[in-house]
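The values are calculated or read from the model by the stated rules, or taken from the named source; none is laboratory data. A quick note: this is a predicted structure, and the numbers were derived from the prediction, not measured. Please note: Cβ atoms are built from the backbone with ideal geometry, for glycine as well, and neighbour counts cover all protein chains shown. Areas reflect the complete protein model, heavy atoms only, side chains present, ligands, DNA and RNA absent. Shrake-Rupley method; radii C 1.70, N 1.55, O 1.52, S 1.80 Å.
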Amino acid sequence: MSELTKNVQPLQDFNWDEFENGTVGNISKEELDKAYDETLNKVADHQVVEGKVVSVDKKEVIVNIGYKSDGIIPAAEFRYNPDLKAGDVVEVYVESAEDKKGQLILSHKKARLSQAWDRVNQALDEQQIIQGFIKCRTKGGMIVDVFGIEAFLPGSQIDVHPIRDYDQFVGKTMEFKVVKINQEFRNVVVSHKALIEAELEAQKQEIISRLEKGQILEGTVKNITSYGVFVDLGGVDGLIHITDLSWGRVDDPKKVVELDQKINVVILDFDEEKKRIALGLKQLTPHPWDALNPDLKVGDHVKGKVVVIADYGAFVEVQPGVEGLIHVSEMSWSQHLRSAQEFLKVGDEIEAVVLTLDREERKMSLGIKQLKEDPWEAIEVKYPVGSKHTAKVRNFTNFGVFVELEEGVDGLIHISDLSWTKKVKHPSEFTKVGEPIDVVVLDIDKENRRLSLGHKQLEDNPWDVFEEKYTVGSVHTGKITEVLEKGAVVALEENVEGFATPKHLVKEDGSQAQQGEELEFKVIEFNKDSKRIILSHSRTFEDAQREEKRAARKAAAPRQKKEEAPKIENVAASTTLGDLDVLANLKAQMEKSE
């Protein structure tokens, strides 16, 4: 026998017969049930009543509404109120006073919904602070259970700080203010940020009023952008511009600081009206130029890393925060305009020579071409006059070809020094950019860093031979290669060309010689200095005809002497004006024929 029952004694006078027959003390069971029912609350289906929480566990909440049995409600309906405990009074909706099993069915969710819309509107009108349960994430924000209604909490209204992880708020109960209601669609928008903005505004004003330039404060990295870092100073934000993060160049602020990192910053400037605060991080450390080696001087060699490239040059960081500029003109001894990208790229580790150093202005210029010997220092030794070399064609002008013998050593081949024989109208007819060409040094201009070069001088002057071959009066076979307004170009042997004017291109039949015809030409002028040969085709037959006429006149002259002429004592008196005209015309005809 257990401890609980060993002292229990049955009632001696209990009438078991009456109990079995349904009566107790002459009172029927029906009368007893009626009396019992009258002590209970009258509960009707589909009504909202108040009940007292009997017990709470993870799965269900037991609520007593004064009925003959307690109601069971799923614990999920109370997620919005994590502080719920036994003894609390809650509103419940009676689904059914008795189901098939005789169980009282209650719903807290429906009880809340029945009055939710009125409560939400009242909260908006009276600017009440209400509680809500964050159910889940949605696009652009969160879904919040408010009085059983699903309200929208925009991401920007969760906190005054930008929120990166929305999931951390799911399942939390927070205080909100209703900020907007769409009555037609019954949409509700709530805000948690609105509760703390007023308090923060006063807090910001107080913080800013205590700020001083140069003041050092501790803050938390709140946001990182491409242009700088926002730091929370305890209710008010300040901005560290990217240029104030480090004495060195910063291409990405994330490489300097991290989100939520605690850092010390210095107040650079602030605007009380606009509530803008400019902060600095690099100012907490000495300027790198102050730590630069005091013995460093012009001419010294330094090593560094290329941090920025522009067309005009490259910036090299010789130590954090100390940079020097290598101008593109100091990258090569060549005088050709080029881009710095042809020589260096960002990230290159290089050695350079200090060209200028201004510690007060914190400026330094560097050079890398100085690491090589200037080719013009001993130009006469490497490229003496008369020496032969192979150069690279760089560009043309109307008067010649610019070539490069090596980087930094340029020269000009004048158009007249390209060929002994060929008439070059433009250098592009003779060679192409980028092609090699053999040259001989004709002259050195060290001051202007230019060489005068020749190409034709690599061969003997053929005009010394032409002088003996193409003598005036000699006849040669030539081909008309080009017909111009002033005459025609005639190709002769040895790749030499002559020129014939239109009157010297008349053939024996009176027609004009055409391009492509191969004819006999007589040299009527030879000029070695100007390399000019003047030719004539018509003279090849006109001169023969002239000789025949001259010979005929000589043969007729002796016969005229034998004939006796009448004596005229007064020539002037015997010659008429008509005779004088005839003689003048005859003389003109003879001169023309010659």
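Couple of notes before you dig in:
- Considering segment 456-500, the residues that are hydroxyl-bearing (S, T, Y) and in a loop (DSSP other than H, G, I, E, B) include one that is nearest to K388 (Cα to Cα), namely Y470.
- Within segment 118-138, being under 15 Å from M174 (Cβ atoms) and not small (G, A, S) holds for Q128, I129, I130, Q131, F133, I134, K135, C136, R137.
- Restricting G454, G473, G478 to those that are open to solvent by less than 60 Å² (accessible area, probe 1.4 Å), touching a residue at least 40 places away in the same chain (Cβ under 8 Å) and either charged (D, E, K, R) or over 20 Å from I524 (Cα atoms) (or both) reduces the list to G454.
- Scanning segment 215-247 for residues that are without any contact (Cβ under 8 Å) to a residue 40 or more places away in the chain and assigned to a loop (DSSP other than H, G, I, E, B) returns T225, S226, Y227, G234, G235, L245.
- Matching residues, segment 32-57, being of a type in the set (D, E, K, R) and at pLDDT below 85: D33, K34, D37, E38, K42, D45, E50
Yes or no, residue by residue, for (1) touching a His at 6+ places or on another chain (Cβ under 7 Å); (2) open to solvent by 50 Å² or more (accessible area, probe 1.4 Å); (3) in a loop (DSSP other than H, G, I, E, B); (4) of a type in the set (V, I, T):
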position	(1), (2), (3), (4)
F526	no, no, no, no
I533	no, no, no, yes
R550	no, yes, no, no
R553	no, yes, no, no
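- Residue within segment 425-439 that is in a strand (DSSP E or B) and crowded, with 16+ Cβ neighbours inside 10 Å present: yes
- Extreme residue, nearest to I143 (Cα to Cα), among residues of segment 183-204 that are in a helix (DSSP H, G or I) and in contact (Cβ under 8 Å) with a residue 12 or more places away in the chain: K193
Residues are listed down the side, and each one gets a yes or a no for (1) surrounded by fewer than 20 Cβ atoms within 10 Å (Cβ to Cβ); (2) out of contact with any strand residue (DSSP E or B) (no Cβ under 6 Å at 6 or more places or on another chain); (3) in contact (Cβ under 8 Å) with a residue 40 or more places away in the chain:
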residue: E126; (1), (2), (3): yes, yes, no
residue: I129; (1), (2), (3): yes, no, yes
residue: I134; (1), (2), (3): no, no, yes
residue: I143; (1), (2), (3): yes, no, no
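- Criterion: part of a helix (DSSP H, G or I), surrounded by fewer than 18 Cβ atoms within 10 Å (Cβ to Cβ) and either of a type in the set (K, R) or at pLDDT below 85 (or both) - qualifying residue of K303, K345, K254: K254
- Per-region count, segment 440-455, residues in a strand (DSSP E or B) and not hydroxyl-bearing (S, T, Y): 10
- Qualifying positions in segment 145-167 - over 23 Å from E91 (Cα atoms), of a type in the set (V, I, T) and in contact (Cβ under 8 Å) with a residue 40 or more places away in the chain: V160
- The criterion of at least 1 residues that are closer than 22 Å to V170 by Cα and acidic (D, E) is met by the following strands (runs of 3 or more DSSP E) wholly inside segment 43-96: 60-64.
Results for (1) assigned to a strand (DSSP E or B); (2) surrounded by 14 or more Cβ atoms within 10 Å (Cβ to Cβ), shown as yes or no for each residue.
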{"residue": "A278", "(1), (2)": "yes, yes"}
{"residue": "P286", "(1), (2)": "no, no"}
{"residue": "V307", "(1), (2)": "yes, yes"}
{"residue": "Q341", "(1), (2)": "no, no"}
{"residue": "E351", "(1), (2)": "yes, no"}
{"residue": "V354", "(1), (2)": "yes, yes"}
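- Criterion: open to solvent by less than 70 Å² (accessible area, probe 1.4 Å), within 22 Å of S428 (Cα to Cα) and over 37 Å from the mean Cα position of the chain (by Cα) - qualifying residue of A391, A378: A391
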